[in-house]
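S.K.: Please read through the structure below; I'll follow up with questions.
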Amino acid sequence: MTRSIGAPVGFAAACSKYKWLCGRVAAQQLHDAAGIALLQKVNRAVNGRIIPAEDRPSPLGDVWTLPVAGRGDCEDYALQKMKDLIDAGFPSNRLALSVVIGPHDQNHVVLIARTDGGDYVLDNLSSAVRLWRTTGYTFLATQDFQSRTGWRVTLAGPRAGEFS
């Protein structure tokens with residue numbers, strides 16, 4: 001059972017700015033093989049063309065945007081991957097952002113793509129697209145796949161018990 005949770009700082013402003021982020025975009029369901037190939041292609045392409053950079057300090061807190069001048073932080077990578085996948089015909093209701101505990105115990109944002117074979121993670125720290133259970137991450141909160149403006153408590157992964 002999951003419960004609703006407030007969206008991360010910066011998400012609401014990104015929803016207002018990018019209609020595709022929180023809207024529903026109709027698309028044909030891809031077969032798993034084609035879907036996973038597309039996920040791998042987009043993950044590698046975005047990771048290859050963006051240079052990691054921290055957000056500049058802002059009075060608004062963390063700012064979620066598409067990468068600026070070829071640079072971005074983890075949520076910027078995830079947003080770009082979501083946009084590219086939707087543009088390529090991947091169903092928007094099968095994509096969601098997720099906040100995880102990443103390397104060095106820091107909050108980290110990844111993109112989850114739901115296929116018939118499971119939930120795959122697209123991550124700026126890895127060129128591999130992997131099933132969520134194999135990432136080693138602890139998933140804290142995830143954008144609601146259906147109600148795209150909402151977020152749900154996830155609490156799954158190796159350290160989930162520390163937060164329940």
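The values are calculated or read from the model by the stated rules, or taken from the named source; none is laboratory data. Note that the structure is predicted; figures quoted are calculated from it, not measured. Cβ placement follows ideal geometry from the backbone for every residue including glycine, while neighbour counts extend to all protein chains displayed. Just so you know, the surface numbers come from the protein's heavy atoms only, side chains and all, with ligands and any DNA or RNA stripped out. Shrake-Rupley method; radii C 1.70, N 1.55, O 1.52, S 1.80 Å.
S.K.: For Gly35, indicate whether it is open to solvent by 40 Å² or more (accessible area, probe 1.4 Å), in a helix (DSSP H, G or I), out of contact with any Asp or Glu (no Cβ under 7 Å at 6 or more places or on another chain) and over 17 Å from Trp151 (Cα atoms).
M.R.: no
S.K.: Of these, Lys41, Lys81, which one is at pLDDT 95 or above, assigned to a helix (DSSP H, G or I) and either open to solvent by 60 Å² or more (accessible area, probe 1.4 Å) or β-branched (Val, Ile, Thr) (or both)?
M.R.: Exactly one residue qualifies, and that residue is Lys41.
S.K.: Any idea how many residues of region 49-67 are open to solvent by 90 Å² or more (accessible area, probe 1.4 Å) and at pLDDT 90 or above?
M.R.: The qualifying residues number 2.
S.K.: Further, regarding this structure: I need the full set of residues from region 114-143 which are touching a Lys or Arg at 6+ places or on another chain (Cβ under 6 Å) and within 21 Å of Asp76 (Cβ to Cβ), in order please.
M.R.: Passing the criteria: Val121, Leu122, Ser127, Thr142.
S.K.: Quick one: how many residues across region 90-126 are at pLDDT below 95, part of a loop (DSSP other than H, G, I, E, B) and exposed (fewer than 15 other Cβ atoms within 10 Å of the Cβ)?
M.R.: Summing the residues that are at pLDDT below 95, part of a loop (DSSP other than H, G, I, E, B) and exposed (fewer than 15 other Cβ atoms within 10 Å of the Cβ) in region 90-126 gives 3.
S.K.: Still on this structure, I have one more. Taking the criterion of being of a type in the set (Asp, Glu) and out of contact with any Leu (no Cβ under 9 Å at 6 or more places or on another chain), would at least one residue in region 128-144 satisfy it?
M.R.: Yes, region 128-144 contains a residue that is of a type in the set (Asp, Glu) and out of contact with any Leu (no Cβ under 9 Å at 6 or more places or on another chain).
S.K.: Provide a single number: the residues in region 145-164 that are touching a residue at least 60 places away in the same chain (Cβ under 8 Å), outside any strand (DSSP E or B) and either closer than 16 Å to Ile112 by Cβ or of a type in the set (Asp, Glu) (or both).
M.R.: Selection size over region 145-164: 2.
S.K.: Further question: Return yes when Arg49 is touching a Lys or Arg at 6+ places or on another chain (Cβ under 6 Å) and over 20 Å from Val9 (Cα atoms) and no when it is not.
M.R.: Spelling it out, it is not the case that Arg49 is touching a Lys or Arg at 6+ places or on another chain (Cβ under 6 Å) and over 20 Å from Val9 (Cα atoms).
S.K.: Moving on. Contact list please: Cβ distance under 6 Å, first residue in region 76-93 and at positive phi, second residue surrounded by fewer than 18 Cβ atoms within 10 Å (Cβ to Cβ), pairs at least six apart or on different chains.
M.R.: Gly89/Ala27
S.K.: Here is a further query. Provide a single number: the residues in region 4-32 that are touching a residue at least 12 places away in the same chain (Cβ under 8 Å), basic (Lys, Arg) and either out of contact with any helix residue (DSSP H, G or I) (no Cβ under 7 Å at 6 or more places or on another chain) or surrounded by 14 or more Cβ atoms within 10 Å (Cβ to Cβ) (or both).
M.R.: The number of residues fulfilling the criteria is 1.
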